[in-house]
Amino acid sequence: MKISKLKILASGFFVLMLSVFSMSNVKAAEEAKPFKIGPAEISFNAGFMSAYQWRGEDQNSGDSTASFGADISLPANVYVGTWTASASASSSQEVDVYAGIKPTLGSFGLDLGYIAYVYPGNATTANANFGEYYLGVSYAPEKAPYSFKAKYSKADSGKCAKGSPASCDNMEYSASYDLLSITYGDYDKNRTYTTLALTKEYGGISFSAAYTDTDWESGVTKTNNKDNFFVLSATKSF
């Protein structure tokens, strides 16, 4: 009898969650403490997701992927980092490299930076690599169960046109309350997307179940013919 890949992934995720929640007489893991090298603080993260969707688009042919990342925090709220995961939609491994500044004023936060999306070894897709400038604002009162965010991303080159999202701008809004969050995004001339997520951290691991629905612009071809996603994920920072 054949067992579907989705059932295997769901079972594996369930077993992972069960193993964490069944630990007895063990204190909750302490908050991850970054390594310090001079004025720099370095932290890492590793995760697994049952599918990789980005702004409502399938990035890995519906397949699962592991992810890894590293971040460096510097004085004056400056940061640099990198993140990687499999992205068969671009015929390569995806490597993101970003840098910015993230000042705060009370409950308000600002995030100004640049991110480069790089696909090493991709010789089949023209102009696969691209970059974006971004500006994010947030409101998250201390100890409050809710928060709000908005983020504008502007492509660094090219003219926005249907079917070429690497040259288009994106506007994204999100709100969260306790374990629930909702995100709405508008990727200019390509698609809009809405994500509803349930996230819970336990034992130092962040577990998430998220559903995304995508509304593609007329005349734009759906990547891998997908317009909705249910994704299970787990992430650990250390």
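Against the conditions (1) touching a Ser or Thr at 6+ places or on another chain (Cβ under 7 Å); (2) exposed (fewer than 14 other Cβ atoms within 10 Å of the Cβ), where does Thr104 fall short? Just the number, please. Every listed condition holds for Thr104 apart from (1). Restricting to the range 178-193, name every residue that is under 24 Å from Cys168 (Cβ atoms) and surrounded by 15 or more Cβ atoms within 10 Å (Cβ to Cβ). Residues satisfying the conditions are Thr183, Gly185, Asp186, Tyr187, Asp188, Lys189, Asn190, Arg191, Thr192, Tyr193. The set of residues in the range 205-238 that are surrounded by 15 or more Cβ atoms within 10 Å (Cβ to Cβ) and among the small types (Gly, Ala, Ser) comprises Ser206, Ser208, Ala209, Ala210, Ser233, Ala234, Ser237. I'd like to check something: does the range 113-134 contain any residue that is out of contact with any Ser or Thr (no Cβ under 6 Å at 6 or more places or on another chain), farther than 28 Å from Val220 by Cβ and among the β-branched types (Val, Ile, Thr)? Scanning the range 113-134, I find no residue that is out of contact with any Ser or Thr (no Cβ under 6 Å at 6 or more places or on another chain), farther than 28 Å from Val220 by Cβ and among the β-branched types (Val, Ile, Thr), so the answer is no. Is there any pair linking a residue in the range 218-231 that is under 13 Å from Arg55 (Cβ atoms) to one that is β-branched (Val, Ile, Thr) and outside any loop (DSSP other than H, G, I, E, B), with Cβ under 7 Å and at least six apart or on different chains, and which? If the second residue must be β-branched (Val, Ile, Thr) and outside any loop (DSSP other than H, G, I, E, B), the pairs left are Asp227/Thr214; Phe229/Thr212. Which of the residues that make up the range 68-83 are surrounded by 15 or more Cβ atoms within 10 Å (Cβ to Cβ) and among the aliphatic types (A, V, I, L, M)? Passing the criteria: Ile72, Val78, Val80. Going by the conditions given, is Val137 within 30 Å of Ala76 (Cα to Cα), of a type in the set (Val, Ile, Thr), crowded, with 17+ Cβ neighbours inside 10 Å and in contact (Cβ under 8 Å) with a residue 12 or more places away in the chain? So Val137 does not fit the description; no. Residue count for the range 173-200 under the criterion of being in contact (Cβ under 8 Å) with a residue 60 or more places away in the chain and within 25 Å of Gly106 (Cβ to Cβ): the result is 0. Scanning the range 38-60 for residues that are small (Gly, Ala, Ser), surrounded by 15 or more Cβ atoms within 10 Å (Cβ to Cβ) and assigned to a loop (DSSP other than H, G, I, E, B) gives Ser50, Ala51, Gly56.
If you go through the range 84-93 and keep only what is buried (at least 17 other Cβ atoms within 10 Å of the Cβ), part of a strand (DSSP E or B) and modelled with pLDDT under 95, you end up with Ser86, Ala87, Ser92.
The values are calculated or read from the model by the stated rules, or taken from the named source; none is laboratory data. Please read all numbers here as calculations on a predicted model, not as lab measurements. Quick reminder, even Gly has a Cβ in these numbers, built from the backbone with ideal geometry, and neighbours come from all protein chains shown.
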